[in-house]
Amino acid sequence: MIPFNKPYLSGKELTYIKQAVESGKISGDGHFTKLCHTYFEQKYGFKKALLTTSCTDALEMAALLLNIQPGDEVIAPSYTFVSTVNAFVLRGAKIVFCDSQAGHPNMDAGKIRTLITKKTKAIVPVHYAGMACDMDEIMSVANEHGIFVVEDAAQAIDSYYKGKPLGSIGHLAAFSFHETKNIISGEGGLLAINDDKFIERAEIIREKGTNRSKFFRGEVDKYGWVDIGSSFLPSEIIAAFLYAQLESLDRIQEKRISLWNLYNKNLALIENKGFVKLPHVPDYATNNAHMFYIVCNNLNERTGLINHLKANDMLAVFHYLSLHKSPYQEKMYGKNDIELINSDTFTDCLVRLPLYYELTPEEVNLICKTVEQYYH
Ligand SMILES: *Cc1c(COP(=O)(O)O)cnc(C)c1O
């Protein structure tokens, strides 16, 4: 069976974990956490990088930093993972769902303006499959209205918009190192802060509402309770694992991109015959090869394709279910009458093919042959 995903070990993970354990300091913000922070700040130009235990946690920190209150509205795509919106719902926000683009799962930036009200506090663009949303458009709408932008960059490590690293453009951004992402630590995440005014409070919120980070830097002589907060920082064991992955980032990315390009080249044949649509990389975006997906014509066709692949020992999987039609949304706000047809189309028609470091070009060729077979 060719699995859909297989977590990749770069080779140094256990060595670094052993070092962390033997150092006698295995709680957070030690040697390996600092190495990771420096890596992200230097490579991607984030003003401040803070490791968290998940992308979900980084998003929850963002909601706390923006002081999201009951009654506030947050604009987010409907075609996304629940954490994108849950983090804000936890603070009492109402989510205003934005449709995807007709040809891309990313939110349609041109529609955001019509969704803004006096209550809008934030926009949360999700870079689906690691491909950039139209950030110039999103930032200019946000700046016009004094609204904050939180990039859900969970899938977007090492990906760029007009030459700028994703996660460095919004006021805040959240990354994931869950084992299904390009760079992993089992569970893990990162809050990137690009607006100085959030840095001091972010450190406090992350450390249970205390100014312990300042204390460790010797900036205050004792630390205490100064704000609300929680425990958002990972242990050194996780940071050690992550640092091993970061050292191999270029190699991991090169391999994933070559596999992605092979899929794209092989399947162009059936796209040209009009059977499926392949991922579109906008001019302003790079492709970090987080995911290779195809878009079928309808739900039945997709179900048939997934079953055909499974019968041939290959695991392909569909993805999100439009959140504006979710059971929770319906329970809270009643059956909604908004129509987000593009989000619904991707809900029914998008299927993701296996993509992981150890996948071989031969396996990609085999998967593509099997897809072609289904369309003959
Ligand atoms: C993976 C993912 C998340 C959640 O990441 P965790 O680290 O598991 O919390 C959030 N948003 C998107 C778009 C994701 O792909």
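The values are calculated or read from the model by the stated rules, or taken from the named source; none is laboratory data. Note that the structure is predicted; figures quoted are calculated from it, not measured. Cβ: placed from backbone, ideal geometry, glycine included. Neighbour counts: every protein chain shown. Accessible surface areas use protein heavy atoms only, side chains included; no ligands, DNA or RNA. Shrake-Rupley method; radii C 1.70, N 1.55, O 1.52, S 1.80 Å.
Report the Stokes-Einstein translational diffusion coefficient (µm² s⁻¹, integer) for the range 11-69, Rh taken as the Kirkwood radius over Cα pairs, at 25 °C with viscosity 0.890 mPa s. Taking Rh from Cα pairs, D becomes 184 µm²/s. Pairs of alpha carbons in the range 26-131 separated by more than 22 Å make up 42% of all such pairs. Across the alpha-carbon set of the chain, the Rg to Rh ratio works out to 0.98, Rh being the Kirkwood radius.
Most mobile of Phe318, Phe292, Phe216 per a Gaussian network model of the chain (Cα springs, under 10 Å)? Of the options given, Phe216 has the highest mean-square fluctuation.
For Tyr328 and His308, the difference between the fully extended length at 0.36 nm per residue and the C-alpha to C-alpha distance is 3.9 nm. Per-residue ellipticity at 222 nm, computed for the chain from helices alone with -39500 (n - 2.57) per DSSP H run of at least four residues, works out to -12000 deg cm²/dmol.
If R0 is 25 Å, the Cβ-Cβ spacing of His31 and Lys197 corresponds to a FRET efficiency of close to 0.30. Shown here for the range 95-195: trypsin sites (Lys or Arg not before Pro) in loop regions (DSSP other than H, G, I, E, B) with at most 13 other Cβ atoms within 10 Å, namely Lys118, Lys119, Lys162. Length gained on full extension, Ala102 to Gln42, computed as 0.36 nm times the residue gap minus the Cα-Cα distance: 18.0 nm. With K and R counted +1 and D and E -1, the other residues having a Cβ less than 13 Å from that of Leu366 yield a net charge of -3.
Among His31, His290, His127, the largest mean-square fluctuation in a Gaussian network model of the chain (Cα springs under 10 Å) belongs to His31. Using only the Cα atoms, work out Rg/Rh for the range 249-374, with Rh taken as the Kirkwood radius, to two decimals. Reported Rg/Rh (Cα atoms, Kirkwood Rh): 1.02. Secondary structure note: in the range 13-247, about 55% of the DSSP beta bridges are antiparallel. Put a plus charge on the Cβ of each Lys and Arg, a minus charge on the Cβ of each Asp and Glu, and nothing anywhere else: the dipole of the chain about its Cα centre is then about 320 debye. Of the trypsin sites (Lys or Arg not before Pro) found in the range 290-335, those in coil by DSSP whose Cβ has at most 13 other Cβ atoms within 10 Å are Lys335. Here the relative contact order of the range 235-324, from alpha carbon pairs under 8 Å that lie six or more residues apart, stands at 21 percent.
Which GluC sites (Glu not before Pro) in the range 239-342 pass both tests, a DSSP loop state and at most 15 other beta-carbon atoms within 10 Å? Please report the intermediate quantities before stating the final value.
Working: sites: Glu247, Glu254, Glu271, Glu301, Glu330, Glu339; in loops: Glu339.
Passing sites in the range 239-342 are Glu339.
Protein heavy-atom surface of the chain, 1.4 angstrom probe: 54% of the accessible area is carbon and sulfur, with nucleic acids and ligands not counted. Using R0 = 25 Å, the C-beta based FRET efficiency linking Glu271 and Glu362 works out to 0.70.
Annotation for Asn86 and Ser140: the two label points, set 7 Å from Cα along the Cα-Cβ direction, are 3.6 nm apart. For the range 293-338, the percent of C-alpha pairs falling in each 5 Å distance bin, counted from 0 to the bin holding the largest distance, reads 5, 18, 19, 14, 12, 14, 11, 5, 1. A simple spin-label model places pseudo-atoms 7 Å from Cα toward Cβ; at Ile341 and Phe216 they are separated by 5.3 nm. Between Leu59, Leu191, Leu305, the GNM of the chain built on Cα springs shorter than 10 angstrom shows Leu305 fluctuating the most. Per-residue extension of 0.36 nm, minus the Cα-Cα distance of Thr15 and Ser258, leaves a gain of 84.6 nm for this segment.
Averaged over its residues, the chain has an accessible area of 43 Å² per residue, based on protein heavy atoms and a 1.4 Å probe. Rolled with a 1.4 Å probe across the full set of protein chains, the surface gives Phe81 an accessible area near 110 Å². All other residues whose Cβ lies under 14 angstrom from that of Gly334 are scored, Lys and Arg at +1 and Asp and Glu at -1, for a net of +2.
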